[in-house]
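The values are calculated or read from the model by the stated rules, or taken from the named source; none is laboratory data. Just so we're clear, the structure is a prediction, and the values are computed from it rather than from any experiment. For neighbour counting, all protein chains shown are included, and Cβ atoms are generated from backbone atoms with ideal geometry for every residue, glycine included. The area values use the complete protein model at the heavy-atom level, side chains included, leaving out ligands, DNA and RNA. Shrake-Rupley method; radii C 1.70, N 1.55, O 1.52, S 1.80 Å.
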Amino acid sequence: EITLNALSYVLAFLLAWQSTADEWYALGVRLGAAGKAAEAIAAYRKAVDENPAHIEAWNNLGDQLRRSGDRSGSEAALKRATALDPKHPRAALNTALLRIELQRIKHAIQVSRCAGTALHGETRRLVDGDDIVVQVQDARL
């Protein structure tokens with residue numbers, strides 16, 4: 001298990017040296033998992049600066065921004081992700097979650113259905129999870 005101190009050293013190292021988008025993305029994933037949202041967001045921003053076509057970094061940036069309360073930033077990042085791949089399942093699901101939070105329920109249902117189609121075998125696990133189905137069912141009431 002990596003400690004938060006170790007992640008801080010890795011972040012300082014990456015800032016000091018030329019790093020690839022994939023390295024920034026991987027750091028963002030670890031920082032996000034460690035509950036360091038601001039640092040994860042910074043790492044994802046560096047990843048998309050290095051590679052504007054890094055769909056996973058755009059998706060995770062959008063998700064972290066949404067979780068941090070920056071809905072307009074989240075929407076912009078998720079638009080970039082879905083522009084790169086309109087059927088990217090995780091970006092579609094994160095967009096649906098954002099739409100639910102923004103009370104754009106009809107669009108959220110449409111996006112989550114599109115994501116479910118793209119996910120095939122993963123559909124039940126992701127769409128039946130607490131996020132989409134429970135919130136969409138509540139919205140239908």
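So Gly69 clears everything in (1) open to solvent by less than 30 Å² (accessible area, probe 1.4 Å); (2) over 19 Å from Arg30 (Cβ atoms) except one condition, right? Which one?
Every condition holds for Gly69 apart from (1).
Kindly provide the set of residues from the range 82-93 that are part of a helix (DSSP H, G or I), open to solvent by 20 Å² or more (accessible area, probe 1.4 Å) and not charged (D, E, K, R), ordered by number.
Kept after step one, since they are part of a helix (DSSP H, G or I), are these residues of the range 82-93: 82-84, 89-93.
Subset that is open to solvent by 20 Å² or more (accessible area, probe 1.4 Å): 82-84, 89-90.
Residues satisfying the conditions are Thr82, Ala83, Leu84, Pro89.
Kindly indicate which of Ala91, Ala108, Ala118, Ala96 is modelled with pLDDT under 95, in contact with a Pro (Cβ under 8 Å, 6 or more places away or on another chain) and over 24 Å from Leu7 (Cβ atoms).
Ala118
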